[in-house]
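First the structure, in the form of structure tokens, and then the observations on it.
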Amino acid sequence: MAARAYRWVEQRVVRLLDYFERAPVTLGRGLAILAATFAFRNVFEALAAGAPLYYPAAFLVHFPLAYLPGIVLIPLVLAALSGERVERVTKVLIAAWALTILPPLFELIAGHAGARISYLPIQPGRFWWSVTNYFNPGVEFEGATAGVRLEAALGVILGGYYVYLKRKKIWIALVSLPVIFFVMVNVFSLPYIFHHLLRACGSGIPHVAALFGTRGMVLRPVLDLSDYSTALLDLLYLTPLLALWLLVYGWKKLKEVARWAFRFDTGGFALATGVGLWLGWRAVGSGLPLDNPLDWMAMLGAVLAVFHAALGIRMLLPADSTGDKPSSVSDGPLTDRERRNVGAVCLLLAAGYAGTVNYYLLGTLAVFAAAQAFIHLRPLNLRRVWPLSGLFIGVSAVAALGVGLAAFIGGAVTTALPGALTWGVPAVAVLGAGVMELRPEALVGGLLKNGRRVFAAVTAGAGILIAILLPQPLWSRIALAVLGIGLAVLVLARGGMPRWAHLAWPLGALAVLGGPLSAGDEPVVFNDLPPNPVAVAALDDATDLERNNLYAHAALEYARAVEAGDERARVLGPLAFNLRQTGRLDEAEAVLERSVTLHPEHAPALVDLAATKVALGKIAEGERLYLRALRLWPDLIQPRVALGRLALDRGLSYRARGEPELAAEFLAEALDWARGAYNLAPGDDSAAGLLAAVQEELGNFSEAYALWEKRAHAAPLDPGARVALARLAYKLGEIDTARGWIEEARSLDPGCEVPPGLRELLR
């Protein structure tokens, strides 16, 4: 009876498996099914943990990328164990992946409030202990909840049963159980395994939190750092798994993809990205070590982003030439659908790599992909039309280089691109026309007799002309001209363009144009670059310390940012301010001298240096700096107020020495400065206060009173303004008004100091 029931169940299971294995699940449908599974898992996991849903960006990078390596790896293992075709096993696993909803659902039903599901933490030296105790209910693992262990147990059992149904041998199914479990452990604990590998290679990173929470040199803004790092690791792991999946699916198909991947006019654009990465590091972090593993992961991600984008466009939009026609089942290993699937997967990987590094890189990659699409897009087919093909190939090369730059300098890549590269776009575009295969049906080749040689001569001539006109050093223009002549000589000698030279010309032009940017081992000069992440971390700490009036500690952090290469005026200025707050005027003066040297047109730096000079007793130097700042920025308030106060102090000094004429002269000068500042900014307290003080010293008590009255209305809690009004009212003979102001000031601040001449009003 039991055997009959089992056979009945087995028949239904086999039919169900056959249904899923034969189901017409295309790439789009498969991704849609997985997306629905991820969404339900997100909702139930948030409910089980008692936490809000993952924010959209984290959801998009966390769930898909954390699970996709397993969705690719597990079918490979099951296909090897069962002998079934890998694509059939993958279809079954896509449906079976709905089991991942079970862990949070189990926690909800069991009432395990606050259960947080995460990776399996494997501690150093405890790998085998963790593996052997995984299903031990007496041992707890953070993140590996009861629901996750139940899911793993079901997955191992179902995987072994699948192998048994295919092989019909119990011993093979039993052997497959630990193999499947080890694969699942790999998926559950990937970040920890990666950390252990780094430690084995000599890394000093103490734990996984330190690995994924640190800042490297590569910019990684917007998303949480741990989300970024984990996602990038998943992608780097996923890419070779996909290649292995395609190899198992059909090695001829992988060979066909590789034929396109390693052409110079496809994968070769990744070389330009490598050049951009080097230039970006020279610009931002020259002299700083790249010792954070995430930096190397991010740089590899930038290169792979361009590589996959170029390959994806090539697969989706093949060029219309003899070697580029789409294959069919009969004349090539890749069918049209398979080619489109490979192209779509490559573009998804390219977007994933770029997005997990930073959004700026993603935007630059979009420009590269658009330029590539225009080259191959039908019915345009710009590869037949010169110079449009050369233009878009040149733009593609520059955009690929820009992807590398964006990894380090972020959004500034659009505005801080060096002039050498900006002006070099025409040269790269013209020389990039050589990437064409110089087919007879090309525009020039079709109109002119012996068109290939004429085309080569025209290209070389245009390249030489642009090289002569470029505003570059003489040796750079000569090198570009040699590139153009070399193109002509090569084609004239061989009668065609060899494949290895397809990207040699644009890459050579980029190398020549980028050469002056690092001449003499000096950092590359870009305009208005953002600081490197080492400086960003220091500035974050300095801002917090300064906000809490910890000026000495803030000065140390600002100094660390400067040592990391950030010598912008907006960093040197706060450093000098914090040094002044701690009484280190000489050091502040030296910092501001450096700032003025680096940024001579930045007037605020001149104002800060002038104030420091005055504080050190160097009055004449300070005045000259204030006047220089006003010549640069005539609408500045601070220099006018400072010059007015200096004139006021001199006027009072001469008055005290009994020299009324000189006193009147300097008081008049102070009045001019004060009026100028007040007219520019009537709401500025320093300008209004100076004008009121000068008017009071000149005996214009009514004007001074009106100014202080405005201040009192604007600042209803300021007792000092009330004391000043009382003093002026007393001088104007309004005793009751003066007494009222004093009483109001004392009500605001019972301990406020009352000038000796007004104390009698309190009796």
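Here are some notes:
- From the alpha carbon centroid of the stretch 83-157 to that of the stretch 7-45 is 19 Å.
- Residues in the stretch 570-577 carry Karplus couplings, in order, of 6, 9, 5, x, x, 4, 5, 4 Hz; the curve used is 6.51 cos²θ - 1.76 cosθ + 1.60 with θ = phi - 60°, and Gly or Pro positions show x.
- For the stretch 652-668 and the stretch 297-314, distance of Cα centres in Å: 74 Å
- The distance linking the stretch 604-646 with the stretch 557-585 is 19 Å (Cα centroid to Cα centroid, whole angstrom).
- Residue-level accessible surface for TRP741, protein heavy atoms, 1.4 Å, Å²: 40 Å²
- When nucleic acids and ligands are ignored and a 1.4 Å probe is applied, LEU550 ends up with an accessible area of around 80 Å².
- Fully extended contour minus Cα-Cα distance, from ARG547 to ARG7, at 0.36 nm per residue: 186.9 nm
- Residue pairs, from the table LYS91/LYS168; LYS91/LYS253; LYS166/LYS255; LYS618/LYS710, whose Cα atoms sit over 23 Å apart: LYS166/LYS255; LYS618/LYS710
- When VAL591, VAL403 are compared by accessible area at a 1.4 angstrom probe, the order from most to least is VAL591, VAL403.
- Solvent-accessible surface of protein heavy atoms, probed at 1.4 angstrom with all chains present, puts LEU236, LEU474 in the order LEU474, LEU236, largest first.
- Accessible surface of LEU31 - all protein chains present, 1.4 Å probe, nearest 10 Å²: 70 Å²
The values are calculated or read from the model by the stated rules, or taken from the named source; none is laboratory data. In this text the structure is predicted, and so the values were computed from the model without any measurement. Surface areas here come from the heavy atoms of the whole protein model, side chains and all, with no ligands, DNA or RNA. Shrake-Rupley method; radii C 1.70, N 1.55, O 1.52, S 1.80 Å.
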